[in-house]
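Enquirer: Below you will find the structure I want to go over with you.
The values are calculated or read from the model by the stated rules, or taken from the named source; none is laboratory data. Since we're looking at a predicted model, the values are computed, not measured. Because the Cβ atoms are built from the backbone with ideal geometry, glycine has one as well, and the counts that use them run over all protein chains shown. Note: accessible area is taken over every heavy atom of the protein model, side chains too, but ligands, DNA and RNA are not part of it. Shrake-Rupley method; radii C 1.70, N 1.55, O 1.52, S 1.80 Å.
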Amino acid sequence: MLFFPAPASFTGEDCAEFHVHGSRAVIQRLLAELSQLEGVRLAEPGEFTRRAFENGKIDLLAAEDLADLIDSETELQRRVAMAGQAGRFRNHVAAWRGEMLGLQALVEAQIDFTDEADIPADLSDHLAAAMAALSAKMHASLSDSLRSERLREGYVVALAGPPNVGKSSLLNALARRDVAIVTPVAGTTRDILEVRLDLDGVPVLLRDLAGLRPTRDVVESIGVARARDAMRDADLVLWLQAPDVDMEAPPADIAHKALVVTSKVDLAPVHASGLAVSATTGAGIARLLDALTKRAEAALHFGESTIALNLRQEAALRAGMAALRRAQAAQEIEFLAEELRQAATALHSLIGGIGVEEVLGHIFGRFCIGK
């Protein structure tokens, strides 16, 4: 047992750790014995991290980055979470808040102490230039950001085409296991089947869709409708053609993101310059995976200057930018002061100070017990 006295522990409180054998039975027995003690209970999901936040050991951005690190499944997801742990975005926010507070101080001083000599005579021009520069910095960070929700879900690839072109067989070949039922009967796949792939550290979500064809079957028609929706939502559509099925071109509405793949090349030679694969022999599978990896890497590119924002962080940043734009357009100095305060509040909510109570339960609920 190790004891960590406050305030040097993770939560900032007195903490003790039991190091025991990893047997499930041993752990369950220890938890049962500890739970018999008066005042002892099991922690709620994320409770230790929330206590660390409430005790000032970490801020809200660090807590969310920690959750992303715990949930990371691929190397890219780990790198993005670690970049957040390094404080890249936090440093940006701290700098913006400092500039915002400086602008607020000038405006408040102009309101309250109009006769003071340290108020710049060209205050209006100074404020306009400073707000424009700050707005440009925030906009640049937003433009260079990567939506962490999209990174968590992965680059979405849909396997589409008419029935019996080999979509489910290709799904099994790419997943290297039997995920989908494969039969000669057309329309076997009725719903969307999903497989997560790790392609050189890049997360890819592969979706096998129902074959597209007119049908009077109620269940199959629902599958076809879902397939069309999934194609529109996908980042890339692998449109399959096969030598034993009438060739069809990709639908016009998804043609711009469709990659035509000829399947079942073991049945007949293919002389086309495009991708050709065989789920039976494995021919062309490596080339297809390489093409998918390159496209996913390009779409989810994470460079040294890239930051990853979740929906809450992006909304707060956009709220701050909107308030700053209103401040730039304000005609009265009192309105200018209020909009600057709103902008500072939005930035402050990013790291956890004002107006964040309603999101704490959602954020820390992502953690497992004991984190």
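Enquirer: What whole number of Å gives the distance from the Cα centroid of region 73-104 to the Cα centroid of region 213-233?
Expert: If you average the Cα positions of each part, the centres end up 43 Å apart.
Enquirer: Here is a follow-up. By how many nm would the segment from LEU311 to ASP178 grow when fully extended, if each residue of separation counts as 0.36 nm and the alpha-carbon distance is taken off?
Expert: On the way: separation 133, 0.36 × 133 = 47.88 nm, distance 3.50 nm.
Length difference between fully extended and current span is 44.4 nm.
Enquirer: Over the chain, with every protein chain in place, what whole percent of the accessible area is carbon and sulfur at 1.4 Å, could you tell me? Let's see the in-between values first.
Expert: Details: 10680 of 19880 Å².
Result for the chain: 54 percent of the exposed heavy-atom area is carbon or sulfur.
Enquirer: Now for a separate question. On a 0 to 90 degree scale, rounded to 10, what angle separates helix 24-35 from the longest Cα axis of the chain?
Expert: 30 degrees
Enquirer: Under a GNM of the chain (C-alpha, springs under 10 Å), which listed residue has the highest mean-square fluctuation: ARG232, ARG216, ARG295?
Expert: Judging by the Gaussian network model, the answer is ARG216.
Enquirer: Summing -39500 (n - 2.57) over the DSSP H runs of n ≥ 4 in the chain and dividing by its residue number, what mean residue ellipticity at 222 nm do you reach, to the nearest 500 deg cm²/dmol?
Expert: It comes out at -15500 deg cm²/dmol, rounded to the nearest 500.
Enquirer: On a straight-distance basis, which lysines could pair with LYS294 in a cross-link, Cα separation under 29 angstrom, same-chain partners fewer than 8 positions away excluded?
Expert: Hits, sequence-local ones excluded: LYS167, LYS257, LYS264.
Enquirer: Between helix 218-233 and the chain, what is the angle of the helix's C-alpha long axis to the longest principal axis, kept within 0 to 90° and rounded to the nearest 10?
Expert: Roughly 50 degrees between the two axes.
Enquirer: Of LEU123, ILE333, VAL218, whose Cα points farthest to the positive end of the dipole of the chain (charges on the beta-carbon: +1 Lys, Arg; -1 Asp, Glu; origin at the Cα centre)?
Expert: VAL218
Enquirer: Can you give me the relative contact order of the chain as a percent, contacts being Cα pairs under 8 Å and 6 or more apart?
Expert: Across the chain, relative contact order equals 21 percent.
Enquirer: Suppose every Lys and Arg Cβ carries +1 and every Asp and Glu Cβ carries -1, with no other charges. What dipole size does region 308-350 come out with about its Cα centre, to the nearest 20 debye?
Expert: Working: 5 positive and 5 negative charges, 44 e Å.
It works out to roughly 220 debye.
Enquirer: Among DSSP beta bridges whose residues both lie in the chain, state the antiparallel percentage, nearest 5.
Expert: Around 35 percent antiparallel, to the nearest 5.
Enquirer: To the nearest 10 degrees, how steep is helix 60-71 against the longest Cα principal axis of the chain, on a 0 to 90 scale?
Expert: For 60-71 against the chain, the angle is about 20 degrees.
Enquirer: Moving on to the next point. Highest GNM mean-square fluctuation, the chain, Cα pairs closer than 10 Å: which of LEU142, LEU34, LEU347?
Expert: The residue that fluctuates most here is LEU34.
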